[in-house]
Amino acid sequence: MKVIIATKNEGKVREFRKLLLPLGFEPVSMTEAGVEADITEDGETFEENAHIKAKAVRELTGSPVIADDSGLEVEFLGGAPGIYSARYAGENATDEQRNQKLLEEMQGAELPLRNARFVCAIYFILDDKREYCVTGVLDGYIGEEPKGEHGFGYDPVFMIDDDTSLAQVGEDEKNKISHRARAMEKLAEVIKAKE
Ligand code: ITT
């Protein structure tokens, strides 16, 4: 069964392609599906925003859809940037600019205040009767400098242990441990339980 990945973020598309296949779904990007949508994410939680994105693409296509709203919560910043992670350094900023801003804000913070977590809420619409929402989390901390070339977004500044950022592990490794992977594991369980 084809499932449209309702995101404009190429990093998410790459990861979802690999995460959906073992569940028996055929992943299709918005570009491949010929869908263009300018979606206003005005929810107050990751779950609400994931729902908004999934619903918008579902209404345009009528197809099964998966959407993800995700972000980084940092202890020293009171849980920011959270649902505003994509806009943290302004609307058109790059990943590098967002990481730079984060490192500047973190100046003077020592562990455990550098503790952080990635959160991913997934909203999956299979058909008119079956809609699922699941959330996954990955704990870590904010490093002192960006490290690694893999992944996307805040991966280079997110340390999973004292030597390793999330951008230093390959995509397959990230897909075993990430917030997105954990949410997908839950999704598989929920789908199975409700079959
Ligand atoms: P869509 O809304 O089109 O899906 P987006 O990039 O705007 O794309 P979000 O609104 O969910 O997605 O914002 C997520 C932000 O958190 C964005 O800045 C990402 O780079 C970052 N982020 C999410 N998951 C991440 C991951 O696995 N690794 C690094 N950064 C991540």
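For the stretch 78-123, the list of GluC sites (Glu not before Pro) that fall in a loop by DSSP and count at most 11 other C-beta atoms within 10 angstrom reads E91, E110. Under a no-solvent Debye model with one identical scatterer per Cα of the stretch 21-73, what's log10 I(q)/I(0) at q = 0.14, 0.29 Å⁻¹? After summing over all Cα pairs, the log10 values are -0.41, -1.19. Under the combined filter of DSSP loop state and at most 11 neighbouring Cβ atoms within 10 Å, the stretch 1-73 retains these GluC sites (Glu not before Pro): E36, E44. Here is the list for the stretch 84-181: trypsin sites (Lys or Arg not before Pro) lying in DSSP coil, each with at most 10 other C-beta atoms within 10 angstrom of its C-beta, are K129. By how many degrees, between 0 and 90 and to the nearest 10, does the Cα long axis of helix 179-194 differ from the longest principal axis of the chain? So the inclination is approximately 30 degrees. Normalised by residue count, the chain yields a Cα convex hull volume of 114 Å³ per residue. In sequence order, the stretch 62-68 has phi-based couplings of x, 8, x, 9, 10, 10, 9 Hz under the Karplus curve 6.51 cos²θ - 1.76 cosθ + 1.60, θ = phi - 60°, and Gly or Pro positions carry x. The residue among L20, Q97, I122 whose Cα reaches farthest toward the positive pole of the charge dipole of the stretch 1-133, with charges on the beta-carbon of Lys, Arg, Asp and Glu, is L20.
Leaving ligands, DNA and RNA out of it, report the carbon-plus-sulfur percent of the accessible area of the stretch 146-195 at a 1.4 Å probe.
Values: 1200 of 2610 Å².
Heavy-atom surface of the stretch 146-195 belonging to carbon and sulfur, 1.4 Å probe: 46 percent.
Over the stretch 1-65, accessible surface divided per residue gives 54 Å², non-protein components excluded, 1.4 Å probe. Volume per residue for the stretch 51-156 equals 114 cubic angstrom (convex hull of Cα atoms).
In the stretch 98-195, the C-alpha radius of gyration followed by the widest Cα-Cα span (Dmax) gives 15.9, 51 angstrom.
The values are calculated or read from the model by the stated rules, or taken from the named source; none is laboratory data. Keep in mind that what you see is a predicted model, and the values were worked out from it rather than measured. Cβ: placed from backbone, ideal geometry, glycine included. Neighbour counts: every protein chain shown. Quick note on the areas: whole protein, heavy atoms, side chains included, nothing else; ligands and nucleic acids left out. Shrake-Rupley method; radii C 1.70, N 1.55, O 1.52, S 1.80 Å.
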